């Protein structure tokens, strides 16, 4: 028996991710339609590196947080990889930019614009 | 008693719409996260004018169609107005462009890009 070719896991658990051709705009929009998930994506975009789930300070339970990261992963927005005992999260920026040119920056800009608008109000 | 100032209805039913300051990015993204609703918005954008619900040929029941238009209206994406017996639908393009500059065009572009990609595949 041979190991699956695509995912060298170094003995860790491997999480399922959609291939780029499986990612759908509707799924990405659904993933970003939740305020907390949108915030997670904004933080990942601002950081530019992988962050562990525990790097996010969120006002919900751990299982709810896990759910939100999973929705983002299954929509193809983030990649989740176990490194040792930590589950690390990274934005799939290059793949998203190739699939939907300009969209991610436009969404991030709209989210920043809204935040400023609501803070001013 | 005076009539509400904002909505001259000429005797017709008036449907509730969020004011621009009530429109939220998350709600817009949720409204567009459904394939049929995304298609309706693309048709309204391509047409540039108001369309009646019956102008859309959709593979679902009338009550499902009504539901989808309602989600779009309540998110602030479209404006629905009774004209005579017809319910007319128009994209709230100017207001959305003011709230989220560039976002709508970016979303429409991503949807067109995806359609081409899936047709090629």
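No value in this document is a laboratory result; all are computed from the given coordinates. Keep in mind it's a predicted model, so treat the numbers as computed, not measured. When we count neighbours, we look across all protein chains shown, and the Cβ atoms used for this are built from the backbone with ideal geometry, even at glycine.
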TODO: Using just the helices of chain A, give the 222 nm mean residue ellipticity in deg cm²/dmol: DSSP H runs with n ≥ 4 each add -39,500 (n - 2.57), and the total is spread over all residues, rounded to 500.
DONE: -15000 deg cm²/dmol
Open item on the list: How tilted is helix B:103-120 with respect to the longest principal axis of chain B? Cα atoms for both, answer in degrees (0 to 90, nearest 10).
Closed with: 40
- [ ] Please sort A:111-117, A:30-36 by packing, taking for each peptide the average over its residues of neighbouring beta carbons within 10 angstrom, highest first.
- [x] A:30-36, A:111-117
Task: Cα shape, region A:7-67, gyration tensor, a/c 1.5 rule - done: oblate
Open item on the list: Can you give me the Rg/Rh ratio for region B:25-119, using Cα atoms for both radii and the Kirkwood formula for Rh?
Closed with: 0.95
Open item on the list: What does the copy distance list look like for residue B:63, label position 7 Å along Cα→Cβ, in nm and ordered from shortest?
Closed with: 3.4
Open item on the list: Just to confirm the number: angle between the C-alpha axis of helix A:62-74 and the first principal axis of chain A, 0 to 90 degrees, nearest 10?
Closed with: 80
Task: Sequence-separation-based contact order of chain A, relative, with Cα cut under 8 Å and 6+ spacing, percent - done: 28
- [ ] Rounded, prolate or oblate: pick one for the protein assembly as shown, where a ≥ b ≥ c are the square roots of the eigenvalues of its C-alpha gyration tensor, a/c under 1.5 means rounded, and failing that, prolate if a/b is larger than b/c, else oblate.
- [x] prolate
Task: Peptide A:15-28, shielding by other chains (average Cβ, 10 Å cutoff) - done: 2
Open item on the list: If each label sits 7 angstrom from Cα along the C-beta direction, how far apart, in nm, is residue A:49 from its counterparts in the other copies?
Closed with: 5.7
